[in-house]
Amino acid sequence: MLEKIIETTEFLKAKGINNPDAGIILGTGLGELTAKIENRIEIDYKDIPNFPISTVEGHAGKLIYGVFGGKKIIAMKGRSHYYEGYSREQVALPVRVLKYLGIKCLFLSNAAGGVNPAFHIGDIMVITDHISLLSNPLIGPNDNRIGARFPDMGEAYDKSLINKALLFAKENNIRIHKGVYLSTSGPTFETPAEYKYFRIIGADAVGMSTTPEVIVARHMNLPCFAVSVITDLGVEGKIEYTTHESVQNEAAKTESRMTTIMTELISTL
Ligand code: HPA
């Protein structure tokens with residue numbers, strides 16, 4: 001496992017990626033932030049040894065390194081999900097490589113269904129905690145050189161970054177919520193009964209990603225900050241027919257606000 005991580009890390013260093021300050025993983029329909037990265041080096045996942053290739057429409061499958069918000073960042077435009085058939089190790093590898101490349105902090109975004117009745121389509125939710133109903137990516141032999149066997153998850157999402165984001169949004173009149181993100185395997189969207197159940201057990205938004213990456217990052221003590229863009233509602237009376245295209249379209253409409261928040265947080269790292 002570590003050998004593969006080091007092989008991929010060395011490959012990327014040789015391409016000119018060195019000491020990024022932060023990593024960012026961009027969710028469905030949220031890849032345009034990368035257009036703002038300057039002095040960039042772009043590499044397709046398919047050309048990177050050991051990297052899982054993103055097979056989903058709207059997930060470009062590119063690693064982009066450069067300057068954003070005055071900091072050196074490395075962005076993943078497109079991520080891999082369990083529903084594509086990837087193993088735990090494959091889903092974990094990119095985050096581990098980002099850490100071995102030197103990132104100090106991991107930023108993540110996703111498209112999600114809102115189950116909190118106060119949410120509207122197009123809202124942004126800062127994730128304060130999660131409920132992971134996905135397979136834990138750390139199942140299997142543990143390599144103590146990477147992280148501890150039993151990582152603590154008491155503060156999976158960095159409190160100071162959450163507070164900074166909420167304050168910045170308030171000062172700039174950006175409608176924002178905080179809440180709990182629940183991950184399911186997908187690829188089906190939820191039935192009305194499932195949305196209701198997820199609300200009852202404490203979720204504010206539901207999606208198919210993010211928690212495996214956050215678990216892998218926390219295993220290595222990497223601080224995480226994540227946001228959900230609400231692209232549809234799983235609230236009784238407000239549930240509409242949802243497709244991947246409708247999720248992509250709604251995500252794209254909110255993307256510039258999300259980018260503003262990410263830029264602010266990264267620039268003040
Ligand atoms: N459920 C699960 N994943 C999602 C949703 C949803 O409603 N919207 C966007 N991703």
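The values are calculated or read from the model by the stated rules, or taken from the named source; none is laboratory data. This one's a predicted model, so the numbers in the text were calculated from it and none came from an experiment. Note that each Cβ is placed from the backbone with ideal geometry, even for glycine, and that neighbours are counted across all protein chains shown. Accessible surface areas use protein heavy atoms only, side chains included; no ligands, DNA or RNA. Shrake-Rupley method; radii C 1.70, N 1.55, O 1.52, S 1.80 Å.
Points worth noting:
- Number of positions in the stretch 95-117 that are out of contact with any strand residue (DSSP E or B) (no Cβ under 6 Å at 6 or more places or on another chain) and either within 19 Å of Leu161 (Cα to Cα) or more than 16 Å from the ligand (Cβ to nearest atom) (or both): 8
- If you check Ser228, Ser256 for being of a type in the set (Gly, Ala, Ser), over 30 Å from Leu2 (Cα atoms) and more than 10 Å from the ligand (Cβ to nearest atom), only one passes: Ser256.
- The stretch 228-239, residues that are more than 23 Å from the chain's Cα centre (by Cα) and open to solvent by less than 40 Å² (accessible area, probe 1.4 Å): Val235
- Qualifying residue in the stretch 163-182 (condition: within 16 Å of the ligand (Cβ to nearest atom), of a type in the set (Val, Ile, Thr) and under 29 Å from Ile200 (Cα atoms)): yes
- Check on Ala203, closer than 15 Å to Met125 by Cβ, away from the ligand (no atom under 16 Å from the Cβ) and among the small types (Gly, Ala, Ser): no
- No other residue among Phe150, Phe189, Phe119, Phe168 is free of Cβ contacts under 8 Å to residues at least 40 places away in the same chain and either in a loop (DSSP other than H, G, I, E, B) or open to solvent by 10 Å² or more (accessible area, probe 1.4 Å) (or both) apart from Phe150.
- From the options Gly207, Gly122, Gly114, residue that is under 30 Å from His244 (Cβ atoms) and at pLDDT below 95: Gly122
- Elements of type strands (runs of 3 or more DSSP E) in the stretch 1-90, at least 2 residues being open to solvent by 10 Å² or more (accessible area, probe 1.4 Å), in contact with a Pro (Cβ under 9 Å, 6 or more places away or on another chain) and among the charged types (D, E, K, R): 71-77
- Among the residues of the stretch 240-269, those identified as surrounded by 17 or more Cβ atoms within 10 Å (Cβ to Cβ) and of a type outside the set (S, T, N, Q) are Val247, Glu250, Ala251, Ala252, Glu255, Arg257, Met258, Ile261, Met262, Glu264, Leu265, Ile266.
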